[in-house]
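K.L.:
Structure provided below as structure tokens; questions to follow.
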Amino acid sequence: MWANRFGSLTSVRWPQGGAAAETFRNRFDPAAVGFVFQPAREQALAAVDNAMDFGQLFVGMSFFLIVAALMLTGLLFVFGIQQRAEEMGILLATGWRPSAVRRLFFLEGGAIALAGSLAGAWLGTGYTKGLILGLSTYWQGAVANSAIQYFAWPGTVLTGAAASFVCAILSIGIAMWRQTRHSARELLMADFSQPSPPRMRRAKGAGAFAAVACGLGAVGMVIYALTGDVQSVTMPFFGAGALLLVSGVLFCGIALRRTERHGRLSGLAGMALRNITRRRGRSLTVIGLLACGCFLVFAVSSMKEDVTAHADKPWSGTGGFRWFGESTLPVADNPGGVRLRVRDGDDASCLNLNRARTPRLLGVDPDVMSKRKAFLNGDDVWQLLKLELPDSAVPALVGDADTAMWGLEAKTGVEQGDVFDYRDEAGNGFKVKLVGRLPMRLSVFQGTLLIAERRFVEKFPGEEGYRMFLFDDQDGEAAAMKKYARDGMDVVPATERLMEFYAVESTYLAMFLLLGALGLAVGSMGMGVVVLRNVQDRRAEIALLRAVGYRNRDLRKVLFIEHGLLLAAGLGVGVIASVVAMVPALIISKSQVSSGFLLGLLAAVIGCGAICMAAAICVSLRGDALRGLRNE
């Protein structure tokens with residue numbers, strides 16, 4: 001069963017204590033017959049230590065959700081302070097120092113933040129268990145169908161609680177600092193509409209500088225992505241979109257200031273616009289909340305690709321081949337198509353959560369690939385495999401961009417390419433240098449390194465025959481493919497192999513989209529809170545308008561215009577910023593993105609925001625109008 005070209009015997013046994021056995025043990029050199037000893041345990045531990053960090057991954061995925069939650073926290077705390085403005089004004093008027101008042105309210109807010117952080121840490125363990133359950137059932141593709149279980153150190157939970165507490169304290173501190181700048185008279189009047197003129201000028205200058213700086217930073221990242229030596233332009237464009245998001249929110253603040261000082265609108269629209277500018281902090285918070293959620297939802301949804309859209313093209317991830325075949329035992333004859341030799345090693349694809357130390361090597365004929373222009377989109381990188389490198393290093397190509405960026409975290413290039421250590425069949429070490437990569441982001445060669453077949457045979461002469469094949473639809477190749485499939489070769493459509501790799505990314509995008517939807521829900525909730533608070537603060541104004549003849553229909557129209565402008569500004573900033581982040585998927589990448597899905601998503605976002613706004617307006621206009629005039 002285990003016979004090979006050296007015979008049918010795989011072991012030799014001697015009686016215990018025999019002279020021949022002692023002589024053999026004394027003279028036997030394992031390396032001379034091809035035995036190679038490796039520190040398997042140390043290698044496994046090193047691979048696990050560099051495995052994917054799910055904690056950092058989910059923090060990154062939840063970043064905009066965290067920002068939206070902190071903005072809502074600050075907004076609610078400001079509302080609480082403003083409800084007690086008269087109390088704060090009385091304390092200042094009776095001799096309390098501003099620092100003492102600030103410390104009193106800060107301790108109150110800190111106690112609430114501490115209780116919330118401890119409760120959040122307890123609820124966070126349940127949230128994490130829910131995610132783990134999803135990863136082990138519905139989202140198994142994200143962990144390559146690996147078994148995954150919940151485990152947490154107590155210190156990790158406490159660290160999360162402490163981080164939440166610090167973030168909440170910072171948010172509360174900023175809100176407190178802004179409110180305690182008002183004088184006792186302003187606090188007793190409970191009028192927070194305008195800051196003092198010198199502070200307003202300083203804030204305007206700092207805001208304009210920050211907005212321009214973020215805008216220039218976004219432009220710089222786009223230029224770097226297009227002209228620099230980057231393995232993937234997706235992340236630079238995503239960063240540019242995030243900077244543009246911040247810049248857009250800051251420019252909205254500048255526009256509100258200019259409208260307040262120079263606006264000349266009259267009628268219901270003018271009244272609504274003046275109401276927006278009276279409380280710029282609230283307006284900007286709503287814009288920021290909606291923009292963050294909208295940006296994440298659209299930016300992530302655009303990254304979902306149809307990897308099979310151009311599968312018949314040579315520059316696609318299939319190389320234009322129809323079928324992909326793989327065999328456990330080498331095939332010595334020629335079944336047709338493109339043949340590759342295989343040297344087993346670590347899987348560096350997204351299906352392996354640990355860090356690959358020695359990726360699997362494939363021996364390929366570069367001239368055959370060049371002639372077919374397979375996997376090429378520009379320069380002929382296959383000819384790089386013929387380079388003669390210093391120190392007899394073997395030039396290699398990375399199977400695709402995702403392997404280079406995530407599976408190996410390695411640089412590629414003739415000059416700056418990373419080097420991997422391998423051992424040949426005789427146990428001698430040699431270097432493999434990454435001189436380039438296949439230009440597509442995802443290919444059927446994900447997780448592997450490709451070297452020239454000539455050098456493969458030099459290093460591994462015992463690897464006889466071929467174990468990997470790419471077939472077309474030609475009659476001869478199709479017949480051979482069917483024959484070898486019957487003999488045990490695993491033959492699948494090349495697009496199916498692509499989808500197997502893409503399932504991991506697709507699952508992460510689905511999780512990203514869910515978190516983005518949560519961020520958008522937080523933004524819509526924040527908008528509803530602002531609507532209710534604005535109407536509550538203006539009860540006397542609304543009652544007076546009713547008393548002089550304005551109907552509920554007119555008041556509802558004013559509130560719809562007022563908060564509809566905030567909704568449009570937030571969604572507009574988020575959509576514009578997300579368009580920049582979507583450029584690689586919509587323009588640069590040759591994969592297809594569903595425009596109908598994006599338009600439907602936009603309609604759903606607008607509808608959700610409008611429903612939340614309408615519900616808050618209808619609820620806020622209910623009640624006795626005379627109650628608002630009792631203090632007048």
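The values are calculated or read from the model by the stated rules, or taken from the named source; none is laboratory data. What you see is a predicted model, and the numbers here were worked out from it, not measured in a lab. Note that each Cβ is placed from the backbone with ideal geometry, even for glycine, and that neighbours are counted across all protein chains shown. The area values use the complete protein model at the heavy-atom level, side chains included, leaving out ligands, DNA and RNA. Shrake-Rupley method; radii C 1.70, N 1.55, O 1.52, S 1.80 Å.
K.L.:
If a residue must be aliphatic (A, V, I, L, M), at pLDDT below 70 and outside any loop (DSSP other than H, G, I, E, B), how many such residues does region 192-239 contain?
P.N.:
Within region 192-239, residues that are aliphatic (A, V, I, L, M), at pLDDT below 70 and outside any loop (DSSP other than H, G, I, E, B) number 2.
K.L.:
Sticking with this one: State which residue is modelled with the lowest pLDDT when the search covers only region 35-64 and only residues that are in a loop (DSSP other than H, G, I, E, B) and open to solvent by less than 40 Å² (accessible area, probe 1.4 Å).
P.N.:
ALA51
Conditions tested, residue by residue: (1) small (Gly, Ala, Ser); (2) in a helix (DSSP H, G or I); (3) under 23 Å from the mean Cα position of the chain (by Cα).
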{"position": "ILE66", "(1), (2), (3)": "no, yes, yes"}
{"position": "GLU86", "(1), (2), (3)": "no, yes, no"}
{"position": "GLY120", "(1), (2), (3)": "yes, yes, no"}
{"position": "THR128", "(1), (2), (3)": "no, yes, yes"}
{"position": "ALA152", "(1), (2), (3)": "yes, no, no"}
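K.L.:
On the basis of being in contact with a strand residue (DSSP E or B) (Cβ under 9 Å, 6 or more places away or on another chain), of a type outside the set (Lys, Arg) and buried (at least 16 other Cβ atoms within 10 Å of the Cβ), does VAL583 make the cut?
P.N.:
It is false that VAL583 is in contact with a strand residue (DSSP E or B) (Cβ under 9 Å, 6 or more places away or on another chain), of a type outside the set (Lys, Arg) and buried (at least 16 other Cβ atoms within 10 Å of the Cβ).
K.L.:
Okay, moving on. State whether one or more residues within region 271-286 are among the hydroxyl-bearing types (Ser, Thr, Tyr) and crowded, with 24+ Cβ neighbours inside 10 Å.
P.N.:
Yes: region 271-286 contains one or more residues that are among the hydroxyl-bearing types (Ser, Thr, Tyr) and crowded, with 24+ Cβ neighbours inside 10 Å.
K.L.:
While we're looking at this one, here's another question. Step by step: first the residues of region 383-399, then only those that are touching a residue at least 40 places away in the same chain (Cβ under 8 Å) and more than 19 Å from GLY319 (Cβ to Cβ), then the one that is surrounded by the fewest Cβ atoms within 10 Å (Cβ to Cβ). Which residue is that?
P.N.:
ASP391
K.L.:
Search region 415-429 for residues being out of contact with any Ser or Thr (no Cβ under 7 Å at 6 or more places or on another chain) and within 18 Å of ARG341 (Cβ to Cβ), and hand back the single one that is most open to solvent (accessible area, probe 1.4 Å).
P.N.:
ARG423
K.L.:
Would region 160-182 turn up any residue that is closer than 30 Å to VAL246 by Cα, open to solvent by 40 Å² or more (accessible area, probe 1.4 Å) and in contact with a Pro (Cβ under 8 Å, 6 or more places away or on another chain)?
P.N.:
Yes, there is a match, as at least one residue in region 160-182 is closer than 30 Å to VAL246 by Cα, open to solvent by 40 Å² or more (accessible area, probe 1.4 Å) and in contact with a Pro (Cβ under 8 Å, 6 or more places away or on another chain).
K.L.:
Considering only helices (runs of 4 or more DSSP H) fully contained in region 452-544, which possess at least 1 residues that are under 30 Å from VAL78 (Cα atoms), open to solvent by less than 50 Å² (accessible area, probe 1.4 Å) and modelled with pLDDT under 75?
P.N.:
Answer list for region 452-544: 494-537.
K.L.:
Hey, any hits in region 289-302 for a residue that's among the β-branched types (Val, Ile, Thr), touching a residue at least 40 places away in the same chain (Cβ under 8 Å) and open to solvent by less than 20 Å² (accessible area, probe 1.4 Å)?
P.N.:
Yes, region 289-302 has at least one match.
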